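Below is one structure; the comments refer to it alone.
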Amino acid sequence: MLFTPAFTPRRRRKGSQNRKAMAAEARERGGTLLAMMITIFLVGVAAGSDAPRYYPKFSGARNVRLLDGIWQIGLYSGVDAMAPAKEILKLATPNMTAVPSCFDQQGMGELGFRGTAVYRTYFGRGNDSSWERQHVRLQFQACSFYCRIFVDGIEIEHHLAGGYVAFHRDVPAPAKHDDEPRKLFVLADNRFNATTAPLHTGGDFWHFGGLMRSVELHAMPAPAATPWVWRAYVLPTTNAPYSAVDISVVLTNTSWSNFPHAVTFTLAFDGGAPSNHTASVSAGVASLLDVQVPDARVWSTTAPNLHSVAVGLEGGAVIERFGLRSFGVDQARLTVNEKVLKLVGYNHHTQWPGQGPTARTFVTASPTDAQMDEDIALLKMGGTNYVRGAHYPQDPRWLDRLDEAGMLMWCETLGPGVSVQNTKDPAWVQLQLTQLDEMLENALNHTAILTWGWFNEGPSANNGSCPAYKAMADRARVRDPTRFQTWADSQKDKGMCYEHATLIAYNDYPGWYTCEGDLSCPERSWDKYASSVATGQTKSGPAATIGKPFVISETGAGGIYEWDANTTDAKWTLKYQTEIVTRDVDVAIANSNISGITIWHFFDFKVDDAQENNTACQYIPDMFPPNCSYINITSRPGGVNHKGVVDFWRRPKPAYQLVAAKYNATSKQR
């Protein structure tokens, strides 16, 4: 089906800023180096500081800096990413790119590059960076998909546990102590491959490649020296969640065994005077229980009060931020701070327009701070109190903003497209558990996180897959008993694994993929599903769901931004999208057996490889943001999922305002 939509060209929003972009063409004779245009996206760094501008933060001996900036890069097709190190290190890096950025950025409907990127940079230059030429730790906030890391020609890591999760590795001091800078070489391969990228199992979105989030360099004590504090995980105390916390202090060397029976740490809350707290250390972890928070203030969706604590040892400290709140259940209804709260919000992918005149029509997963702030503002104006981070671990800058905005968060591991075979493969499940561990380690202190999730639309209708669901739930529950464990289940009432979830969540699109044109379908369907969960009528059995909260994790309808003037409500018109989405919202708000809803999706976004092969719409020349004059209607017109209530450029569709009115009337804490 082809159509030429009627539309009124929109003006670009005021206040939108472009940053400078750089481009270099990659060429090399005779090799497999790909000749292509590399557009560099410059991500803003906090003025006057190269320390991370997100939590945790550090002080004293805990020197840390971002290695973000301009790196050397080479792009290759056909390289064996698992080749011996000596072959990989020969690969040239003749061009320049910004880190963080994605090396496969491309416009809607266009395939991005799939292959191998190799990066080079240096650290330990100059007299003021002598600590960088000692024992250090590298932390990558994301290296996607498959990642190999070399320092001074020695491979220190190959990471298989998903490209969107943070991980860290220690780097020994160089054998030769001199003033030579240290050489960091990184390989990132973004090809779908069961060996190198086993957790990238699919999903209807573009999987980005490269160093798409920050890279951190941390000072470390010598291996034989007394360790420092690496992280301090702060959770509200179970019996006094509004006034006290339990703190798990993780040391930089968890295998060091020379600690005395008791170790004294300093704690300084909210920049106040430090106080001493003593605890024993086991396997590099000390537990400080029931610690009173001075001048305690409760965090909520309407008053997102946050505290900080600096945890010190041996002259260095880590500064963690946290909030005092509780999550619970009251007669199968979800509660925040012991009050029933209707959760209303959206799913939110990590996709934004590129920066600069040559890249602004590209799609990137490396946003600026300003772009994140704009999305938070739009969500806030839209009455949102709940965001689902589809479908992978999130950038810490984004999580910081959700904490500050009072928006609850569903955080999940990468895992759309999971098969029964995957869940029965012990090695694959172990990698998922590793990813879960790394996600928890990086995100545990973010107050807004309500839910840990995994296996989006997985094979839960097969009982043989349930042990994998159980393994994930058990791991999350042991590490963090204060939050819910769940997954977004497209099997719905046929799911057989719900005994392992503490929150039941369904994905369905009544009125879109089923019963098209029937505007009563959303209410009828969601009432039925909510009743099945409440009365124990699923394939998991009564005990698996009765008494547990139920949320709509995905629902919605597509609407093409330019198709706004139709008098009829044909599929893909904004009129039809609005009719379906508002009815989804109405039933979610009205039905007391439904604790919340996250509409799919907040904005239109770039989809998977199969639907990005020269499928772009025809754009009106010389217009930005771009408008389509002609588009081919497929399952993903123009290579875009059009289910957003705003388009990719964040221009609101009619559904945004109507849903905002309903959300704003409902989202106040009761």
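The values are calculated or read from the model by the stated rules, or taken from the named source; none is laboratory data. Note that the structure is predicted; figures quoted are calculated from it, not measured. A quick note on method: Cβ atoms are made from the backbone with ideal geometry, for glycine too, and the neighbour counts reach across all protein chains shown. Ligands, DNA and RNA are stripped out before the accessible areas are found, and what is left, the full protein with its side chains, is counted by its heavy atoms. Shrake-Rupley method; radii C 1.70, N 1.55, O 1.52, S 1.80 Å.
Classify region 89-245 from the C-alpha gyration tensor, please: rounded if a/c falls under 1.5, else prolate or oblate depending on whether a/b exceeds b/c. Don't skip to the answer; put the middle values down first.
Values: a/c = 2.19, a/b = 1.12, b/c = 1.96.
Oblate, because a/c is 1.5 or more while a/b does not exceed b/c.
Quick check: the distance between the Cα centres of region 632-654 and region 210-271, to the nearest angstrom?
44 Å
Between N664 and T358, what is the label-to-label distance in nm when each label sits 7 Å out along the Cα-to-Cβ direction?
4.3 nm
Enter the accessible area per residue of region 494-588 (Å², integer; probe 1.4 Å; all protein chains in place). Could the numbers behind the result be given before it?
On the way: 3290 Å² over 95 residues.
Per residue, region 494-588 has 35 Å² of solvent-accessible surface.
Tell me what the chain gives for mean residue ellipticity at 222 nm when only DSSP H runs of n ≥ 4 count, each as -39,500 (n - 2.57), the sum divided by the residue total, rounded to 500 deg cm²/dmol. The partial results should precede the final answer.
Details: 10 runs with 112 residues, N = 670.
When only DSSP H runs of four or more count, the value is -5000 deg cm²/dmol.
On a straight-distance basis, which lysines could pair with K86 in a cross-link, Cα separation under 16 angstrom, same-chain partners fewer than 8 positions away excluded?
Straight-distance partners of K86: K183.
Taking only the alpha carbons of the chain, what extent do you get along each of the three principal axes, in Å, biggest first?
The Cα atoms of the chain stretch 74, 66, 50 Å along their principal axes.
With only Lys, Arg, Asp and Glu charged, each at its Cβ (+1 for the first two, -1 for the last two), find how big the charge dipole of region 88-245 is about the Cα centre; round to the nearest 20 debye. Display every interim value, and only then the final one.
Numbers: 14 positive and 14 negative charges, 26 e Å.
That gives region 88-245 a dipole magnitude of about 120 debye.
For region 408-466, report the accessible area per residue in Å² (1.4 Å probe, heavy atoms, rounded to an integer).
On the way: 1470 Å² over 59 residues.
Result: 25 Å² of accessible area for each residue.
Tell me the relative contact order for the chain as a rounded percent, counting alpha carbon contacts under 8 Å between residues six or more apart. All intermediate terms of the calculation are to be shown ahead of the outcome.
Details: 1668 pairs, mean separation 94.9, N = 670.
Taking the mean separation of contacting Cα pairs over the length of the chain, I get 14 percent.
Using θ = phi - 60° and the Karplus relation 6.51 cos²θ - 1.76 cosθ + 1.60, list the HN-Hα couplings for region 270-282 in order, rounded to whole Hz, with x at every Gly or Pro.
Per-residue couplings from phi come out as 6, x, x, 5, x, 10, 8, 9, 10, 8, 7, 10, 9 Hz.
Give the shape of region 558-623 as rounded, prolate or oblate, defined through the alpha-carbon gyration tensor: a ≥ b ≥ c are the square roots of its eigenvalues, a/c under 1.5 means rounded, and otherwise the shape is prolate if a/b is larger than b/c and oblate if not. Provide the component values of the computation, followed by the final result.
Working: a/c = 3.10, a/b = 1.69, b/c = 1.83.
Because a/c hits 1.5 or more and a/b fails to exceed b/c, region 558-623 counts as oblate.
State the extension gain, in nm to one decimal, for the chain segment bounded by K339 and A565, taking 0.36 nm per residue of separation less the distance between their alpha-carbons. Display every interim value, and only then the final one.
On the way: separation 226, 0.36 × 226 = 81.36 nm, distance 4.31 nm.
Here the segment from K339 to A565 would lengthen by 77.1 nm.
Compute the accessible area per residue over region 238-390, keeping the other protein chains in place, probe 1.4 Å, unit Å².
On the way: 5790 Å² over 153 residues.
Normalised by residue count, the accessible surface of region 238-390 is 38 Å².
R0 = 45 Å: FRET efficiency of T302 with S629, Cβ-based, nearest 0.05? Don't skip to the end; give the middle numbers.
Values: r = 44 Å, r/R0 = 0.98.
Calculated value: 0.55.
Expressed in nm², what is the orientationally averaged projection area of the convex hull enclosing the Cα positions of region 571-670? Don't skip to the answer; put the middle values down first.
Working: hull surface 31.1 nm².
If I average the Cα hull's projected area over directions, I get 7.8 nm².
Using a 1.4 Å probe over the heavy atoms of the protein chains, calculate the carbon and sulfur portion of the accessible area of the chain as a whole percent. Intermediate results must be reported in sequence, preceding the final value.
Details: 12580 of 24400 Å².
The value for the chain is 52 percent carbon and sulfur by accessible area.
Place +1 on the Cβ of every Lys and Arg and -1 on the Cβ of every Asp and Glu in the chain, take the dipole about the Cα centre, and give the residue among Q72, A370, G464 whose Cα lies farthest towards its positive end.
Going by the Cα projections, it comes out as A370.
Run the quick spin-label model on H168 and A283: label points 7 Å from Cα toward the beta carbon, then report their separation in nm to one decimal.
Result: 1.8 nm between the two label points.
Pop a pseudo-label 7 angstrom from the Cα along the beta-carbon direction at both S77 and Y242 and give the gap in nm to one decimal.
6.2 nm
So, in Å, what gap is there between the alpha-carbon centers of region 112-159 and region 461-509?
Between the Cα centre of region 112-159 and that of region 461-509, the gap is 36 Å.
So what is the relative contact order of region 396-460, in percent, for Cα pairs below 8 Å that sit 6 or more residues apart?
58 percent
If contacts are Cα pairs under 8 angstrom and at least 6 residues apart, what is the relative contact order of region 490-615 in percent? Please list the in-between numbers first.
Details: 200 pairs, mean separation 33.3, N = 126.
Once divided by the residue count of region 490-615, the mean separation gives 26 percent.
Any idea what the alpha-carbon Rg over 2.2 N^0.38 Å comes to for region 408-519?
Values: Rg = 14.6 Å, N = 112, 2.2 N^0.38 = 13.2 Å.
Here the answer is 1.10, to two decimals.
Could you tell me which chymotrypsin sites (Phe, Trp or Tyr not before Pro) in region 471-532 are loop residues by DSSP with no more than 14 other beta carbons within 10 angstrom of their beta carbon? Write out the running numbers ahead of the final one.
Values: sites: F484, W487, Y498, Y506, W512, Y513, W526, Y529; in loops: W487, W512, Y513.
Passing both the DSSP loop test and the Cβ count: Y513.
Please report the antiparallel percentage of the DSSP beta bridges confined to the chain, to the nearest 5.
Working: 103 of 133 bridges.
The antiparallel proportion sits near 75 percent.
Take the cross-link list K470/K662; K494/K643; K380/K528; K539/K662 and give me the ones stretching past 29 Å between alpha-carbons.
On the way: K470/K662 36 Å; K494/K643 26 Å; K380/K528 31 Å; K539/K662 33 Å.
Among K470/K662; K494/K643; K380/K528; K539/K662, the Cα-Cα distance tops 29 Å for K470/K662; K380/K528; K539/K662.
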